[in-house]
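Please read the structure below before turning to the comments.
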């Protein structure tokens, strides 16, 4: 348990007002308000960014690399995902947006969507050859969902499809290709992801699914958006690359992954609460007839990421219009359409690069089972004595969590304001009782029942 | 002297309340996780309990789930005061079901409940009397397979 966790969400103390909005929204109960400020419990955080989405005071920030950092590298490759293109109206063509990226200083552009098509085929293969194991199979592409599975649903690890997330596959491919073509050393090449969310950033620093990431960093879409918009405005020439078909591009929004894989009997689940719910049901074997579940932590899919700039519904509209345009120029058959853009020689297969997902237990009360049992019993006792309102005033998301914190010695019963009020009342009564018992000596003061002085020599000082 | 330590919990299952279906199993799952029972065992307990919970909900108009967790095994007992099962042998056959049509339309009543409970538990016992009710006891050893 000594292993530290690196997270990409950061609380800004000066802005935090301790309102517990984030505490209540966190799917893994990883936030507490202590001394009026929100604090993260690193072992529980899955970097989903829900706190960032919900905070009314913008006190939660996503960690992002800065555009200026590309100066440290001789050759820079940028990996824009579909959610980047979805930030702009469809009238601005992808090539113009790519021109804008070139203008910002990137030497090469490779669409994550192209990698998504290779990964789609790998997933389709895996589903086809999956025999006898529990169903449904679960999507591997959202790192926040993978972490949720690690901490809350380790029993589902076997159902996660073991393939690379498209962005990691893309990074492996472009770096290798550039090294060979340009004769550069790996350290001279910067590979940058334009991230819609913090969970991808966390995955670069501490990956759950890839043995050795080839990404140099991730620059938040919100960080680059303004600069890119200005840059697009002054673009004279657009930049042509081998783009994906509409299927790869479709991955940016919910349901796109299912469509690209070509699985009919599948679910597209988005929004971390919904994902949690569905995973709970899968865990109880309630969905054995479903083949595949696409999961994304953000509502709407990656376009709904907390580090995007445009409203997610507008982004969804933008993406849909782009897809419609792309379909006008591509074969109607899915595989034929994808084949046109899948021209990368030696595109990596996941097998050699993928890391086995491991459980990250955080639920148990104690490493020792006897001790855990004792704590559980005490926790239930404490819970029964709490009001059960889940008001959050104590800084924990629910009475259940406060009970657990109390048993773990991280909180006390009077953190509950109802308990505190009851204790104050008791204390006050005790004090009054005590006050009444003070022996009357000489001309000292006496109190009446209301606690007011009724002595005559008030003005003695 | 060794202390025979266990933790007990009890949950009511409301009859016919599909909105709350699976609540007892979810609570028991959480309890096992808090105590640190391996994930694959937790899952087997949750699946078995869920099947039993659904049976009580569909056929018996409600009942009680009792869970007792020991260091090396877990015992789940589900009892009800429903109509009882006339022929247990028949009921244990895969595909046998007395669930009404509307239940089958909801995806339940495939006749796999009891066989599944037996499959996922290490010990399985069923007692039933017509007009009095049914009591099912499942035992799960805490011996984990690799995840």
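The values are calculated or read from the model by the stated rules, or taken from the named source; none is laboratory data. As the structure is a computational prediction, the values presented were derived from the model and not from experiment. Don't worry about glycine lacking a Cβ; one is built from the backbone with ideal geometry, like all the others, and counts go over all protein chains shown.
Key figures
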{"item": "Matching residues in the range A:90-106 - criterion: being in contact (Cβ under 8 Å) with a residue 12 or more places away in the chain and farther than 16 Å from residue A:71 by Cβ", "result": "A:90, A:92, A:93, A:94, A:95, A:96, A:97, A:98, A:99, A:100"}
{"item": "Any chance residue A:443 is over 47 Å from the mean Cα position of the chain (by Cα) and modelled with pLDDT of 90 or more", "result": "no"}
{"item": "Residue A:409 vs. criteria touching a residue at least 40 places away in the same chain (Cβ under 8 Å), under 28 Å from residue B:34 (Cβ atoms) and out of contact with any strand residue (DSSP E or B) (no Cβ under 6 Å at 6 or more places or on another chain)", "result": "no"}
{"item": "Single unsatisfied condition, residue A:273 versus (1) part of a helix (DSSP H, G or I); (2) more than 20 Å from residue B:29 (Cβ to Cβ)", "result": "(2)"}
{"item": "Qualifying helices (runs of 4 or more DSSP H) (wholly inside the range A:22-116; at least 2 residues being over 25 Å from residue A:164 (Cα atoms))", "result": "A:50-54, A:94-103"}
{"item": "Pair list, Cβ < 6 Å and 6+ apart or interchain, from the range A:69-86 residues that are on the phi > 0 side of the Ramachandran plot and assigned by TED's automatic domain parsing to the domain that holds residue A:247 to residues that are in a loop (DSSP other than H, G, I, E, B) and buried (at least 23 other Cβ atoms within 10 Å of the Cβ)", "result": "none"}
{"item": "Number of the exception - residue A:356 against (1) surrounded by fewer than 16 Cβ atoms within 10 Å (Cβ to Cβ); (2) within 9 Å of chain B (Cβ to nearest Cβ); (3) outside any helix (DSSP H, G or I)", "result": "(2)"}
{"item": "Entirely in the range B:1-107, the helices (runs of 4 or more DSSP H) that have 2 or more residues that are within 14 Å of another protein chain (Cβ to nearest Cβ) and in contact (Cβ under 8 Å) with a residue 12 or more places away in the chain", "result": "B:23-35, B:39-55"}
{"item": "Given (1) within 30 Å of residue A:362 (Cα to Cα); (2) at pLDDT below 85, number of the condition residue A:406 does not satisfy", "result": "(2)"}
{"item": "Check on residue A:385, within 20 Å of residue A:407 (Cβ to Cβ), surrounded by fewer than 16 Cβ atoms within 10 Å (Cβ to Cβ) and more than 12 Å from chain B (Cβ to nearest Cβ)", "result": "yes"}
{"item": "Residue in the range A:153-164 that is surrounded by 24 or more Cβ atoms within 10 Å (Cβ to Cβ), under 20 Å from residue A:194 (Cα atoms), more than 17 Å from the chain's Cα centre (by Cα) and not assigned by TED's automatic domain parsing to the domain that holds residue A:26 present", "result": "yes"}
{"item": "Among the residues listed as A:459, A:388, the single one being on the phi > 0 side of the Ramachandran plot and at pLDDT below 95", "result": "A:388"}
{"item": "Among the residues listed as A:171, A:144, the single one being more than 20 Å from the chain's Cα centre (by Cα), surrounded by 22 or more Cβ atoms within 10 Å (Cβ to Cβ) and assigned to a helix (DSSP H, G or I)", "result": "A:171"}
{"item": "Single match in A:207, A:187, A:199 (criterion: part of a helix (DSSP H, G or I), in the same structural domain as residue A:83 (by TED's automatic domain parsing) and over 19 Å from residue A:252 (Cβ atoms))", "result": "A:187"}
{"item": "Qualifying positions in the range A:283-294 - in contact with a strand residue (DSSP E or B) (Cβ under 7 Å, 6 or more places away or on another chain) and either part of a helix (DSSP H, G or I) or farther than 28 Å from residue B:113 by Cβ (or both)", "result": "A:294"}
{"item": "Options A:321, A:307, A:258: the member that is assigned to a helix (DSSP H, G or I), in the same structural domain as residue A:115 (by TED's automatic domain parsing) and touching a residue at least 60 places away in the same chain (Cβ under 8 Å)", "result": "A:321"}
